[in-house]
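J.: Below is a structure I'd like to ask you about.
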Amino acid sequence: MALKGAIIELHMKLYNTLTKKKQVCKPLKKGVVSLYTCGPTVYNYAHIGNLRTYIFADVLERSLRYEGFRVKRVMNITDVGHLTGDVDYGEDKVEQEAKKEKKTVWQIAEYYTKAFFDDAAELNIKKPATVVRATEAIAEQIKLIERLVKKGYAYETEQAVYFDVAQFKAYGKLSGQSLSEKLITSRGEVVEDSNKHNPADFAVWFKRVGRHANHVMHWPAPWGDGFPGWHIECSAISAKQLGQPFDIHTGGVDHIGTHHENEIAQSQAAYGKPLANIWMHGEFLVMDKQKMAKSKGSFVTLSAIKNKGFDPLAYRYLALTSHYRSQLSFSFASLTAAQTAYHNLLEEIARPRIISKHKKTNTYQKRFNLHVSDDLGTPQALAVLWEAVKDPGLSRALLLAFVKQVDMVFGLDLLNRAKKIAKEQGNIPAEVKKLGKERFAFRKANSFDKADKIRLRLVKLGYEIKDQEQGFEIKKIVK
Ligand code: AMP
Ligand code: ZN
């Protein structure tokens with residue numbers, strides 16, 4: 001689909017984890033892409049690894065819109081049923097945190113949901129049009145489980161209702177792991193219910209008995225009072241909001257082997273058709289060679305990087321410098337470099353351009369578009385932007401028109417911020433200008449000590465001075 005006013009035809013190609021190939025995005029409904037994203041489990045602050053995955057999904061949505069598609073976007077919020085062990089053992093993460101913080105489960109879920117969206121907003125991540133909490137979709141989940149039981153895909157024990165993976169022949173297609181391989185890996189895991197048919201079977205409904213007898217969040221159901229397992233919410237919410245199949249499903253790579261495999265099994269078994277056509281997964285953010293994880297305790301939040309004086313959009317810039325399917329290694333040194341690059345980019349866009357020979361045409365937009373539509377090639381698209389800002393023959397008007405398009409995809413607020421900087425630079429107070437002239441005179445007279453003192457005074461006033469061959473340039477220091 002062509003972008004309005006763009007010179008070229010764009011065909012968004014996206015890598016599909018299911019087929020292990022890039023494919024052209026052809027939505028089921030012409031012109032409208034249905035997109036589902038697995039949302040956060042709200043028992044703690046999101047770390048910047050989680051946020052990387054949501055930046056990826058946001059860039060995907062923006063890129064689709066940029067190409068002229070409408071996007072119907074849905075995300076869930078996991079506020080019940082996600083146990084500390086992904087394979088049905090341990091305690092509900094939200095309930096565990098409520099005990100720790102001496103708050104109600106509802107307070108915990110509400111607090112961390114708000115914290116998540118506050119972080120997302122600071123990173124210019126658009127809130128999906130439809131956000132559904134798992135606890136708001138209990139009726140849909142129960143209906144889906146009833147269907148699975150009726151069709152023989154789920155069975156009841158004294159403790160829970162399980163999905164019977166052996167009944168679903170296509171189990172493991174997404175991860176490429178056969179059921180027998182999965183059984184070998186799940187052999188070492190704790191099996192809390194000896195009546196499970198198969199260790200790889202997963203709970204779709206936990207009864208409020210045994211280890212879950214005091215579970216605070218609970219609802220009546222045909223199998224007794226209880227609460228849903230983690231995976232069923234995404235199957236139920238996506239089917240209700242987007243229908244089945246829908247176009248694109250996103251999440252992090254850690255979802256491939258269990259959560260998404262289970263979502264596919266439940267949905268496909270219940271309705272006899274695929275859940276989603278394209279499955280996209282964001283790679284990990286790693287720190288000290290390890291996946292950043294809440295459970296390991298070694299994670300960095302957005303507040304932590306803000307407290308160290310970093311701009312949230314510098315983190316977004318850092319995320320865009322690597323492809324979403326590559327691991328990104330985080331360090332404060334790389335964040336510092338990203339912040340400098342981001343601010344330099346803003347200054348380059350803001351600076352006046354005195355051009356003797358104007359270019360009438362340029363290929364920047366076209367090349368940028370091609371990279372974006374090639375499975376969201378943000379690092380290459382960013383390199384094209386840098387080429388454009390460094391091009392001495394590109395007029396300000398052409399550059400700003402290009403930057404406006406770039407902003408639609410990158411969400412780096414380039415145009416607004418650059419305009420603000422340009423305005424500030426144009427408003428250098430007379431006193432500051434006078435000091436600059438005095439310093440220049442001292443420099444010419446080789447009084448470098450005096451010239452340096454004035455430089456320090458200017459820094460204290462918030463300005464930096466750059467020497468040029470025949471003069472100097474004063475700029476407001478961008479924080
Ligand atoms: P959670 O809140 O644990 O359900 O995770 C929210 C999202 O973050 C999921 O899509 C995960 O796949 C993703 N995620 C978890 N850890 C990382 C990481 N280190 N880097 C990137 N994404 C992650
Ligand atoms: Zn999900």
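J.: Give region 451-460 a look and list any residue that's surrounded by 15 or more Cβ atoms within 10 Å (Cβ to Cβ) and of a type outside the set (V, I, T), or say none.
T.: A451, R455, L458
J.: List pairs: first in region 245-274 and on the phi < 0 side of the Ramachandran plot and polar (S, T, N, Q), second within 14 Å of ligand 1 (Cβ to nearest atom) and assigned to a helix (DSSP H, G or I), Cβ under 7 Å, 6+ apart or cross-chain?
T.: Filtered contacts from region 245-274: T250/A57; T250/L60.
J.: So, R316, is that one under 18 Å from V478 (Cα atoms), modelled with pLDDT of 95 or more and in contact with a Gly (Cβ under 9 Å, 6 or more places away or on another chain) or not?
T.: It is true that R316 is under 18 Å from V478 (Cα atoms), modelled with pLDDT of 95 or more and in contact with a Gly (Cβ under 9 Å, 6 or more places away or on another chain).
J.: Still on this structure, I have one more. If only one of H249, H255 is at pLDDT 95 or above, of a type outside the set (S, T, Y), assigned to a helix (DSSP H, G or I) and crowded, with 24+ Cβ neighbours inside 10 Å, which one is it?
T.: H255
J.: Could you count how many residues in region 416-441 are under 12 Å from I465 (Cβ atoms) and either surrounded by fewer than 11 Cβ atoms within 10 Å (Cβ to Cβ) or modelled with pLDDT of 85 or more (or both)?
T.: Matching residues across region 416-441 total 7.
J.: Could you tell me whether region 204-211 includes any residue that is in a strand (DSSP E or B), more than 16 Å from ligand 1 (Cβ to nearest atom), β-branched (V, I, T) and within 21 Å of D86 (Cβ to Cβ)?
T.: Within region 204-211, one or more residues are in a strand (DSSP E or B), more than 16 Å from ligand 1 (Cβ to nearest atom), β-branched (V, I, T) and within 21 Å of D86 (Cβ to Cβ).
J.: Please state which one of T41, T19 is more than 8 Å from ligand 1 (Cβ to nearest atom) and either outside the structural domain of A120 (by TED's automatic domain parsing) or among the β-branched types (V, I, T) (or both).
T.: T19
J.: While we're looking at this one, here's another question. When only residues in region 76-109 that are within 15 Å of ligand 2 (Cβ to nearest atom) and charged (D, E, K, R) count, which is surrounded by the fewest Cβ atoms within 10 Å (Cβ to Cβ)?
T.: D86
J.: Read through the list (1) at positive phi; (2) surrounded by fewer than 13 Cβ atoms within 10 Å (Cβ to Cβ), then give the number of the only condition that G411 fails.
T.: Checking G411 against (1) at positive phi; (2) surrounded by fewer than 13 Cβ atoms within 10 Å (Cβ to Cβ), the one that fails is (2).
J.: Count, please, the residues in region 35-54 that happen to be farther than 14 Å from V94 by Cα and either basic (K, R) or within 16 Å of ligand 2 (Cβ to nearest atom) (or both).
T.: So the count comes out to 9.
J.: Which residue, of S322, S238, is within 20 Å of the chain's Cα centre (by Cα), within 16 Å of ligand 1 (Cβ to nearest atom) and crowded, with 23+ Cβ neighbours inside 10 Å?
T.: Just one listed residue meets the conditions, S238.
J.: Looking at region 92-109, which of its residues are at negative phi and away from ligand 1 (no atom under 15 Å from the Cβ)?
T.: E95, A98, K99, K100, E101, K103, T104, V105, W106, Q107
J.: Among all residue pairs at least 6 apart or on different chains, which show Cβ distances below 9 Å where the first residue, located in region 325-339, is small (G, A, S) and assigned to a loop (DSSP other than H, G, I, E, B) and the second is modelled with pLDDT under 95 and surrounded by 13 or more Cβ atoms within 10 Å (Cβ to Cβ)?
T.: S331/M287
J.: Let me spell it out: the conditions are (1) more than 16 Å from ligand 2 (Cβ to nearest atom); (2) over 30 Å from R208 (Cβ atoms), and K294 meets all of them except one. Which number is the exception?
T.: Among (1) more than 16 Å from ligand 2 (Cβ to nearest atom); (2) over 30 Å from R208 (Cβ atoms), K294 violates only (2).
J.: Still on this model: Output the qualifying pairs, or none if there are none: Cβ atoms under 9 angstrom, residues six or more apart or on different chains, first residue in region 1-23 and farther than 18 Å from G377 by Cβ and modelled with pLDDT under 85, second residue surrounded by 13 or more Cβ atoms within 10 Å (Cβ to Cβ) and of a type in the set (K, R).
T.: Here the result reads I7/K366, each pair linking region 1-23 to a residue that is surrounded by 13 or more Cβ atoms within 10 Å (Cβ to Cβ) and of a type in the set (K, R).
J.: Confirm whether S298 is among the hydroxyl-bearing types (S, T, Y), within 12 Å of ligand 1 (Cβ to nearest atom), within 27 Å of V74 (Cβ to Cβ) and surrounded by fewer than 20 Cβ atoms within 10 Å (Cβ to Cβ).
T.: No.
J.: Scan region 278-288 for residues that are away from ligand 2 (no atom under 16 Å from the Cβ) and in contact (Cβ under 8 Å) with a residue 24 or more places away in the chain and report the count.
T.: Selection size over region 278-288: 5.
J.: Moving on. Go over the candidates A383, A418, A430 one by one and state the one that is of a type in the set (A, V, I, L, M) and more than 19 Å from E348 (Cα to Cα).
T.: From the options A383, A418, A430, the qualifying one is A430.
J.: Scan region 213-233 and tell me whether some residue there is assigned to a helix (DSSP H, G or I) and modelled with pLDDT under 95.
T.: Within region 213-233, not a single residue is assigned to a helix (DSSP H, G or I) and modelled with pLDDT under 95.
The values are calculated or read from the model by the stated rules, or taken from the named source; none is laboratory data. Because the structure is predicted, anything quoted here is derived from the model rather than measured. Cβ sites come from the backbone with ideal geometry, for glycine too, and all protein chains shown count toward neighbours.
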